[in-house]
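Have a look at the structure below, then the notes.
The values are calculated or read from the model by the stated rules, or taken from the named source; none is laboratory data. Just so we're clear, the structure is a prediction, and the values are computed from it rather than from any experiment. Cβ: placed from backbone, ideal geometry, glycine included. Neighbour counts: every protein chain shown.
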Amino acid sequence: MLFEYYPDSDMLYIKLADGVSAESEEIAPGVVLDFDARNRVLGVEIEDASKFIDLTRLELRALPVVDLILRERVPMAA
């Protein structure tokens, strides 16, 4: 699972599985699910994320995390 936050658009994308998105569906205002060709959920897009989610804190509970990688997104040089 991968959490990606895009501050320029205030969008949070939660990637649940690898694959190519074949279809997307807005399930609530600003919340979009991406599906593959076999109708499996690949990811969740949350628009205006900072209005609904406290992005300063991430808490993991009872997850069998074997390898935790923390990366900060570095802006690309112009």
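Which ones in the stretch 40-78 are closer than 25 Å to Gly19 by Cα and modelled with pLDDT of 90 or more?
Arg40, Val41, Leu42, Gly43, Val44, Glu45, Ile46, Glu47, Asp48, Ala49
Check Phe3 against each of (1) modelled with pLDDT under 95; (2) over 14 Å from the mean Cα position of the chain (by Cα) and name the one condition it does not meet.
Checking Phe3 against (1) modelled with pLDDT under 95; (2) over 14 Å from the mean Cα position of the chain (by Cα), the one that fails is (2).
Which number in (1) more than 14 Å from the chain's Cα centre (by Cα); (2) under 18 Å from Phe3 (Cα atoms) marks the one condition that Ile46 misses?
Unmet for Ile46, out of (1) more than 14 Å from the chain's Cα centre (by Cα); (2) under 18 Å from Phe3 (Cα atoms): (1).
Yes or no, residue by residue, for (1) of a type in the set (Lys, Arg); (2) buried (at least 16 other Cβ atoms within 10 Å of the Cβ); (3) touching a helix residue (DSSP H, G or I) at 6+ places or on another chain (Cβ under 6 Å); (4) in contact (Cβ under 8 Å) with a residue 24 or more places away in the chain:
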{"position": "Met1", "(1), (2), (3), (4)": "no, no, no, no"}
{"position": "Tyr6", "(1), (2), (3), (4)": "no, no, no, no"}
{"position": "Ala22", "(1), (2), (3), (4)": "no, no, no, no"}
{"position": "Val32", "(1), (2), (3), (4)": "no, yes, no, no"}
{"position": "Phe35", "(1), (2), (3), (4)": "no, yes, no, no"}
{"position": "Ile46", "(1), (2), (3), (4)": "no, yes, no, yes"}
{"position": "Ala49", "(1), (2), (3), (4)": "no, yes, no, yes"}
{"position": "Asp54", "(1), (2), (3), (4)": "no, no, no, no"}
